Structures are given as C-alpha cells and as structure tokens.
1. So for the range 10-177, taking the charge dipole from beta-carbon charges (+1 Lys/Arg, -1 Asp/Glu), which of GLY136, SER109, LEU72 sits furthest toward the positive end?
2. Just the number: Rg to Rh for the chain, Cα atoms, Kirkwood Rh, two decimals.
3. Choose one of LEU324, VAL234, LEU275: the residue whose Cα lies farthest towards the positive end of the charge dipole of the chain (beta-carbon charges +1 Lys, Arg; -1 Asp, Glu; about the Cα centre).
4. Rounded to the nearest whole Å², what accessible area per residue is found for the range 10-177 with the 1.4 Å probe?
5. Among DSSP beta bridges lying fully in the chain, give the percent that are antiparallel, nearest 5.
6. Using only the Cα atoms of the range 10-177, construct the convex hull and provide its projected area averaged over every direction, in square nanometres to one decimal.
7. Whose amide H sits under 5 Å from the amide H of GLY167, counting only residues 5 or more places off or on another chain, with H placed in the peptide plane?
8. Compute the angle between helix 226-248 and the longest alpha-carbon principal axis of the chain, please, reported from 0 to 90 degrees and rounded to the nearest 10.
Amino acid sequence: MGAGDPVGRMTAVIQGLGTSVPAQVVTNDDLARTLDTSDAWIRSRTGIVQRHVAEPGVATSDLAVEAGAAALKSADNPEVDAVVLATMTPDRPCPATAPTVATRLGLASGMAFDVNAACSGFVYGLAVAGGLVSSGVAERALLVGADVMTRVVDPADRNTAVLFGDGAGAVVIGRGNEGDDGAIGPFDLGGNGELGDLLHIPAGGSRRPADEDTVAERDHFLRMDGKEVYRQAVAGMVVSCARLLAAAGLDIDDVDHLVAHQANARILAAVGDRLGLAEQRRVCNVDRYGNTTAASIPLALADLHRQGVRPGARILLTAFGAGLSWGSVLVRWPDLGRP
Ligand code: COA
C-alpha cells in the first residue's frame, strides 16, 4: 500500500502456510485388489488417481502438528496464542484435539479448540480464527485443517472408500489491514441441517452411542448419498461464490484463482464452468490426494504457492460438505517467500 492510499479497516491476514500428508500412497489399482472397483471407474467418475493414507496408529493430531510446525516456520516462528483445529476426525471424541496439537507445538498456554464443519471446516476455521484475531481476542492464531478420513470411511464400501484421503494444512493468522497481502474476507457461510443425512456417520454420538450392534451394522462408518451430495455441492458452491462476489461488488473476472474444496474433479469443473472462470485459474489436485476434508483447501493453497502465484492476487476459496455446510471467502495472496 503506497503513501496516500486509504488505510483499510483492521482485519486478519495470512502470514504462513504449511502442510503434511502421510508417506503411504494408495493407488486406485491398490483399492481394486480388495474392492469391486477399477482405476478406470474411479478416474472417470472422480478424477482421483491416488490418495495418501495414514499408517495404523497415526492420528489427526500427528498430521496437524507437522502441518502446524511447517506453517509456523514459514511465518518465522511467531508467538501464537490461539490454536483452532478444523476436523471431523478428532483423535478421540473427548477432549478436543487442538489442545494436544498446541502442547506438542509448544503453544500450550493459549486457547485451543476444535471446529467441526467437515469439508467446509477450513473456510469456517478462517472465519473463527480470523475473527479471534481481528477482534483482538487473540494476537495471532494457528488454524489447522486436518483429517484422517480413512479411519471413518468403510473400507468395504466402494461408494465412499475410493473418494477420501488423509492430510493436514495450516495457516498462521495475524492482524493487518483490508487490502494487505494475506487479507482474509469477506465471507459467505451457510448450512442446512435438513439435509444432514445425505452425508453422516449414524452411530457413535449421543443419539446412538456405539455398542455391539452399531459395530456389527457398520454404523460407525460414513454413509453418503453420492449423487445428491454431488448435486448439492455444485449448486451450493456456485451460489455461495456468486453471493460473495455480489456482496463484495466484484465480478468473476476480478478473481485470479479459484481454490474449491477438492472432492471430485467433475465437481470442480462444473463449479468453474458455471462461475465462468477460465480453466487455468482453477486449482485441482484431487488426482493426487483425493478428498482430504478440512485439509483439502490448504493443500490446494500449497500447490498454488508452488506454482508461484503473485502476492496480492485475489483468491476465491469455496467449500461444501457434511452438515450440510458451505462457505466461501476471498483472500489476498500472502507474501510467503519462495516456495
Ligand atoms: N467403483 C465402481 N462402481 C461404482 C463405484 C466404484 N467405486 N461406486 C459406485 N459404483 C457404481 C454404482 O453402484 C452405480 O452402479 P449401478 O448403476 O449398477 O447402481 C454406478 O457405479 C454409477 O454410480 P453413480 O452414483 O451414478 O455414479 P456417479 O457418476 O454419480 O459418481 C460419485 C459417484 C460418488 C463419484 C459422485 O456421485 C460424487 O462424487 N458425489 C459426491 C461425493 C462427494 O464429493 N462427497 C463429499 C462431498 S464434501
């Protein structure tokens, strides 16, 4: 911002970025050995070629700590007094996983809590962690999106087992001014609980606690109406992005890059087409990672960083997932140094 430019209102800005995925890669052919599916079916219906899968015993906090440490390092290890973890696969039902992550990162004395908005978790997390910072409740926050989805997906269900992978991504959020590199906002967030059954885990909560029957019926695993979720996801992300751009007084041509939740290459193509955004401005890495839920957007941001996006570029993030929940936000690309 040069001399004479108006100073924007106080807002939250991204100051660091880091990711982590498990080393183990599972290809479509690997899955086809135990599941009635094929590489050709998975590629043509989803665009997914492989996914990273956590080894037994590796939990969400393990990936979250690695991503968090990388994000802190990229921001020159600043002091952080809030840790927000977006996840739908916490290490345990209780307590929240964020305090474990904070302690292992040496950030134990600040606030730490989880946000569960499934695949919209990272966008919701930006609103929550950004709000803590811009309101002055926290000086600086670490937001991590992390999920080990392969723990809650039924390995015997070909409708879901081929779609998901494991991973984590994190950003450091500090205070700045609107228009600064890294500035976050405005947002469009929404939800619809009436359609919650389209994507849910039937048992293991207070409605239907886990017992021998729930395990025998495999009700501790994710269930999904794929066709309807697909339809809702495309429509939901397009409407949310359009509403956000209209509220911000912007056109799709003002957007440099679209980073949509990486669920399915066909969903990404449909969203980009309906928004009228040129293909080279869309980020797609679902081929390598599958759907990593709360980690999907930061993993895509890391890919964009590696491609050398210019600081200040206007990025439109949009996500959709269980709840149903959806959210979109504009971000000015931060100056993260060389990839
Ligand atoms: N391998 C082979 N065949 C499969 C299969 C698999 N892994 N999964 C489903 N099939 C079969 C179905 O049983 C169906 O067979 P039928 O016609 O004999 O009943 C056939 O393939 C077509 O299934 P259909 O549901 O029409 O495929 P689709 O084109 O809708 O693609 C999804 C299925 C799941 C890939 C797609 O609906 C989707 O991506 N939905 C959104 C899922 C998602 O992203 N969820 C998370 C959102 S955050």
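1. Of the options given, the answer is GLY136.
2. 0.96
3. Farthest towards the positive end: LEU275.
4. Using a 1.4 Å probe on heavy atoms only, each residue of the range 10-177 averages 39 Å².
5. 70
6. One quarter of the hull surface, i.e. the mean projection, equals 10.1 nm².
7. ASP147, MET149
8. Helix 226-248 sits at roughly 10 degrees to that axis.
The values are calculated or read from the model by the stated rules, or taken from the named source; none is laboratory data. It should be emphasised that the depicted structure is a prediction, and the values quoted were computed from it without experimental measurement. Cβ atoms come from the backbone with ideal geometry, glycine included; neighbour counts cover every protein chain shown. Remember, those area values only see protein heavy atoms, side chains included, never the ligands or the DNA or RNA. Shrake-Rupley method; radii C 1.70, N 1.55, O 1.52, S 1.80 Å.
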